[in-house]
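Read the structure below first, then the notes.
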Amino acid sequence: AKLEGDLHQALERNELSLHYQVQVNHQGVTTGVEALLRWYHPQRGWVSPATFIPLAEENGLILPIGHWVLKLACEQLAKWAQQPAYAALTISVNVSSVQFQQPGFIRDVESLLAQTQAPPSRLVLEVTESLLMSEPTRVRSTMLKLRSQGIRFALDDFGTGYSSLSYLKRLPLDELKIDQSFIRELLTDKTDAAIVDTTILLAVSLGLTVVAEGVEKKEQFDWLKGHGCYRYQGYLFGRPTPIEYLFETY
Ligand code: G
Ligand code: G
Ligand code: MN
Ligand code: NA
């Protein structure tokens, strides 16, 4: 309960920050970044979003926090749009189901894009299988409205939730992110290799971009390249990093 109380003040006290992790293509060239929230607590040090996001979802703080993350990402996209070397980069933002399903979500995203002048086609919203399950008809309609503005959607942590292939058919998805738990032992575990291989084939034949997460070794990168995956994210290419150091760390 103490941690929850502190979370109320975290935003005002500037304890939250946004780190970015690069996504690369098969040549290792950066195509975009994923925004990852970080909380530096004055006494506890770094608190993982895996700990505080569930609390924030329960007490509603995910709404102002999620808004703040989206605002920062849009401001960054607007800055990059002015610089030819960065203008094509995308920013992927994790969107909680609670945030996505609030009645004002479409309006909020639209007004942030308008205020910041961020190019909508560079914004990727990462949603999870649990969101798609919750209220498929309404979720689909929200996705279609946002997509008509050019915003793209990625299905995050693919394969770890209650995946139903019917979502892939009915929802306007652009990207599928293979969860890092399948990548970790890809080279030694035949089941993981079969799952990843099949997921890539499925995604490609549906016209979706596949992103492999948690790529840490050159050998995993080579295997994935050889099996038709064209986007990668993981420590091999870069750790989540403050924006100032993003393009200087490797
Ligand atoms: O960055 P890290 O691996 O510690 O993230 C842990 C979890 O927190 C991941 O599931 C990630 O999707 C989630 N997460 C990170 N940043 C955000 C954010 O800005 N919003 C939401 N809703 N989840 C986030
Ligand atoms: O659930 P989501 O995919 O949004 O969470 C991404 C999480 O994975 C972040 O917390 C990020 O810090 C972590 N991550 C990113 N790359 C790697 C990696 O190569 N190895 C491991 N173990 N974790 C990673
Ligand atoms: Mn994610
Ligand atoms: Na993920």
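The table for this structure:
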{"item": "Hits in the stretch 227-241 (condition: away from ligand 1 (no atom under 16 Å from the Cβ) and either exposed (fewer than 14 other Cβ atoms within 10 Å of the Cβ) or part of a loop (DSSP other than H, G, I, E, B) (or both))", "result": "His227, Gly228, Cys229, Tyr230"}
{"item": "Residue satisfying all of: in the stretch 41-50; more than 9 Å from ligand 1 (Cβ to nearest atom) and surrounded by 14 or more Cβ atoms within 10 Å (Cβ to Cβ); farthest from Gly234 (Cα to Cα) among these", "result": "His41"}
{"item": "Test: residue in the stretch 221-236 that is within 30 Å of Ser17 (Cα to Cα), among the aliphatic types (A, V, I, L, M) and free of Cβ contacts under 8 Å to residues at least 24 places away in the same chain", "result": "yes"}
{"item": "Top-ranked residue in the stretch 15-32 [being within 16 Å of ligand 1 (Cβ to nearest atom) and more than 13 Å from Val69 (Cβ to Cβ); ranked as surrounded by the most Cβ atoms within 10 Å (Cβ to Cβ)]", "result": "Gln23"}
{"item": "Selection from the stretch 164-188 of residues that are out of contact with any helix residue (DSSP H, G or I) (no Cβ under 9 Å at 6 or more places or on another chain), without any contact (Cβ under 8 Å) to a residue 40 or more places away in the chain and within 16 Å of ligand 2 (Cβ to nearest atom)", "result": "Asp179"}
{"item": "Where Leu146 falls short, out of the listed (1) within 16 Å of ligand 1 (Cβ to nearest atom); (2) modelled with pLDDT of 95 or more", "result": "(1)"}
{"item": "Selection status of Gly66, of a type in the set (Gly, Ala, Ser), at pLDDT 95 or above, loosely packed, with under 13 Cβ neighbours inside 10 Å and touching a helix residue (DSSP H, G or I) at 6+ places or on another chain (Cβ under 8 Å)", "result": "no"}
{"item": "Filter pass, Glu135 being among the acidic types (Asp, Glu) and away from ligand 2 (no atom under 16 Å from the Cβ)", "result": "yes"}
{"item": "Number of the condition not met by Glu244 [criteria: (1) surrounded by 13 or more Cβ atoms within 10 Å (Cβ to Cβ); (2) at pLDDT below 95; (3) in a helix (DSSP H, G or I)]", "result": "(1)"}
{"item": "Residue under evaluation Asn94, criteria (1) more than 9 Å from ligand 1 (Cβ to nearest atom); (2) under 26 Å from Ser141 (Cβ atoms), criterion not met", "result": "(1)"}
{"item": "Some residue of the stretch 194-206 being charged (D, E, K, R) and more than 20 Å from Tyr230 (Cβ to Cβ)", "result": "no"}
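The values are calculated or read from the model by the stated rules, or taken from the named source; none is laboratory data. Predicted, not measured: the structure shown is a model, and the values here were computed from it. Neighbour counts run over all protein chains shown; Cβ positions are idealised from the backbone, glycine included.
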